[in-house]
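Have a look at the structure below, then the notes.
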Amino acid sequence: MQTAEKSQPDKVFECIDEIAGICSITRNFGLAEQYYLRSLKLKERAKDPKKILYAQGLSNLGKICYFQRKFAECEDYARLFIQVIADNFGPTHPDVACGWQNLASIYYAQKKYQLAKGAYIAGIKICEQGLGERHPTSVQLTRNYASLLKKMDELEQAGLIDASATGEITGSWRTLPKEHYEMLGSLYNEKD
């Protein structure tokens, strides 16, 4: 395996990601996390000037940590994902909005509603400017934000805004399909 990691790291991290995905589907999140961490280390060293593969790895790890309710780690991965995409594609790139949606979901799950609100607003602003108000991603973010506001209003009316709540999730973790990363990579290569 170590020889393959040196000679064909792309093939190795693709295989590792596939195994991690299977572990995730079978709800073996701890093992999936170990595989995704190994894959991330390979992606970090890959010849990937725009860090697309690295961002994908961060997203995969964030999602696995989210499922395990490891919110501190999950938040770190989401923030780093936002930073990597913003640094390489600009702060108004739609994938940055996906990162903000993920961050909002993390905060919501922890009942940190004010932080979730700010993250949703950041994501919606990016989506509406770059994709338009009617784009499915913009619409979904707006719906999730509306659910959050409804929950906050209910809690405020009950006098429980900072007390315990149901902990329901306003959205799901956003990951981009492999084809999206391949498309970004080909667009980047065309510019060179």
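The values are calculated or read from the model by the stated rules, or taken from the named source; none is laboratory data. Keep in mind that this is a model prediction, so the values were computed, not measured. Using ideal geometry, Cβ is built from the backbone for each residue, glycine included, and neighbour counts are taken over all protein chains shown.
Quick rundown of the values:
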item: Subset of the range 72-118 [among the β-branched types (Val, Ile, Thr) and part of a helix (DSSP H, G or I)]; result: 82, 84, 85, 96, 106
item: From 50, 43, residue being surrounded by 24 or more Cβ atoms within 10 Å (Cβ to Cβ) and of a type in the set (Lys, Arg); result: 43
item: Residues (loosely packed, with under 14 Cβ neighbours inside 10 Å, free of Cβ contacts under 8 Å to residues at least 24 places away in the same chain and assigned to a helix (DSSP H, G or I)) located in the range 119-155; result: 136, 143, 146, 150, 153, 154
item: Pick from the range 59-71, criterion without any contact (Cβ under 8 Å) to a residue 40 or more places away in the chain and not in a helix (DSSP H, G or I), ranking: farthest from residue 31 (Cα to Cα); result: 70
item: Some residue of the range 39-53 being farther than 26 Å from residue 136 by Cα, small (Gly, Ala, Ser) and assigned to a loop (DSSP other than H, G, I, E, B); result: yes
item: Residue 24 over 18 Å from residue 88 (Cβ atoms), among the polar types (S, T, N, Q) and buried (at least 19 other Cβ atoms within 10 Å of the Cβ); result: yes
item: Condition met for residue 73 (under 23 Å from residue 105 (Cα atoms), of a type outside the set (S, T, N, Q) and out of contact with any Lys or Arg (no Cβ under 9 Å at 6 or more places or on another chain)); result: yes
item: Candidates 85, 16 - the one that is in contact with an Asp or Glu (Cβ under 6 Å, 6 or more places away or on another chain), touching a residue at least 12 places away in the same chain (Cβ under 8 Å), among the β-branched types (Val, Ile, Thr) and outside the structural domain of residue 140 (by TED's automatic domain parsing); result: 85
item: Residue in the range 101-110 that is closer than 22 Å to residue 53 by Cβ, aliphatic (A, V, I, L, M) and at pLDDT 90 or above present; result: yes
item: From the options 51, 43, 112, residue that is in the same structural domain as residue 131 (by TED's automatic domain parsing) and without any contact (Cβ under 8 Å) to a residue 40 or more places away in the chain; result: 112
item: Among the candidates 76, 95, residue that is surrounded by fewer than 19 Cβ atoms within 10 Å (Cβ to Cβ), among the charged types (D, E, K, R) and either under 28 Å from residue 132 (Cβ atoms) or under 16 Å from the mean Cα position of the chain (by Cα) (or both); result: 76
